[in-house]
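Worksheet: one structure, shown below.
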Amino acid sequence: MIYPLVWLVSASLKPANEIFGGQGLWPTTFRWENYVDGWYAFSDVTFGTLFFNSFVIAIGSIVGNLVSCSLAAYAFARLDFRFKNVLFFVMLSTIMLPYHVQVIPQYITFLNLGWINTFYPLIVPKFLATDAFFIFLMVQFIRGLPRELDEAAEIDGAGFFQIFVRIILPLLTPALATTAVFTFIWTWNDFFSPLIYLTGSEHFTVPLGLRSFLDTEGRSSYGPMFAMSLASLGPIFGFFLASQRLLVRGIATTGLK
């Protein structure tokens, strides 16, 4: 499990002729310039711009999922309305719908809105509760909370929204942390969606930047690519370690009574 990461660290410090031609992990010559070359690999932007773009998309996606999915989950778990079970079934059915089936109609919609080569197609849908997995995760968590808390708040005159903000939301913290971590990891590593909607290098994300190091004619910059690949793992490790306790708690307690 650890060997690929160790190999990545070693390859990021090797000259190009040693990466695939050397015999051992330890570099015979340490080439720290791989990190400099990778950071300034593009003529118009630095790799820092790509990190910034990925952070903007990831943070926007996290905020969108936390707000919209928690509200949708509260409605399904606590409120009574017409066609509730049918809509819940439709919501769960979208999990089984391949993303590639939605690409063409979504692209046409965003093209008509003039959102191509912007971050809007990658962020705005998150505010519309489009991730059914996180809705289901929060629904199961909210169902495990005692309804007596809601009833006590109703007696004190609290409405639905007040109950959600003051009672449900604080208790939902583990599930929210789980949603935030998975959203960050999936968004940070997403290659397909940015490839579809982002055309200018000034809007590229980290995965698109790493792909740009590969040349179909064989003149690929493997050293700088591995160096930037290692650097791109830093935010994921940091975000995961910072919220590991809440993440494990959220997964372990979801669905339990």
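Quick notes
- Estimated vicinal HN-Hα couplings, Hz - segment 15-21 in sequence order (Karplus 6.51, -1.76, 1.60; Gly, Pro = x): x, 4, 6, 9, 4, 10, x
- Rounded to 10°, Cα long-axis angle of helix 132-143 versus longest principal axis of the chain: 40
- Candidate values (1) 0.99; (2) 1.07; (3) 0.95 were compared with Rg/Rh (Cα atoms, Kirkwood Rh) computed on the shown model; the agreeing label is (2).
- A cut-off under 14 angstrom between Cβ atoms defines the neighbours of LEU71, and their net charge, with Lys, Arg +1 and Asp, Glu -1, is +1.
- Exposure proxy order (Cβ contacts within 10 Å, fewest to most) of THR179, THR28: THR28, THR179
- Under Karplus coefficients 6.51, -1.76 and 1.60, residue-wise ³J(HN,Hα) of segment 104-110 in Hz, glycine/proline x: 5, x, 5, 4, 4, 4, 5
- Taking the helices alone, the chain has a mean residue ellipticity at 222 nm of -19500 deg cm²/dmol, built from -39,500 (n - 2.57) per DSSP H run of at least 4 residues and averaged over all its residues.
- Think of segment 5-84 as having a plus end and a minus end, set by charges on the Cβ of Lys, Arg, Asp and Glu; of TRP26, ILE62, ALA77, ALA77 sits farthest toward the positive end of this dipole.
- Residue with peak Gaussian network fluctuation, the chain [Cα springs, cutoff 10 Å], from LEU50, LEU149, LEU172: LEU149
- Taking other C-beta atoms within 10 angstrom as a stand-in for reagent exposure, VAL103, VAL6 fall in the order VAL6, VAL103, fewest first.
- On the basis of the beta-carbon distance and an R0 of 45 Å, ALA242 and ILE108 show a calculated FRET efficiency of 0.70.
- A simple rule links phi to the HN-Hα coupling: the Karplus curve 6.51 cos²θ - 1.76 cosθ + 1.60 with θ = phi - 60°, which for segment 171-184 gives 6, 8, 3, x, 5, 5, 5, 4, 4, 5, 5, 5, 4, 5 Hz, with x for Gly and Pro.
- Amide H contacts for SER221 (H built 1.01 Å from N in the peptide plane; partners 5 or more residues away or on another chain; cut-off under 5 Å): ASP215.
- Taking other C-beta atoms within 10 angstrom as a stand-in for reagent exposure, TYR74, TYR120 fall in the order TYR120, TYR74, fewest first.
- Alpha-carbon centroids, segment 29-67 and segment 68-92: separation in whole Å: 37
- Within segment 1-139, the ratio Rg/Rh, alpha carbon atoms throughout and Rh by Kirkwood, equals 1.17.
FYI, it's all coordinate maths here, none of it is from the lab. Computed from a predicted model, the values in this text were never measured in an experiment. Note that each Cβ is placed from the backbone with ideal geometry, even for glycine, and that neighbours are counted across all protein chains shown.
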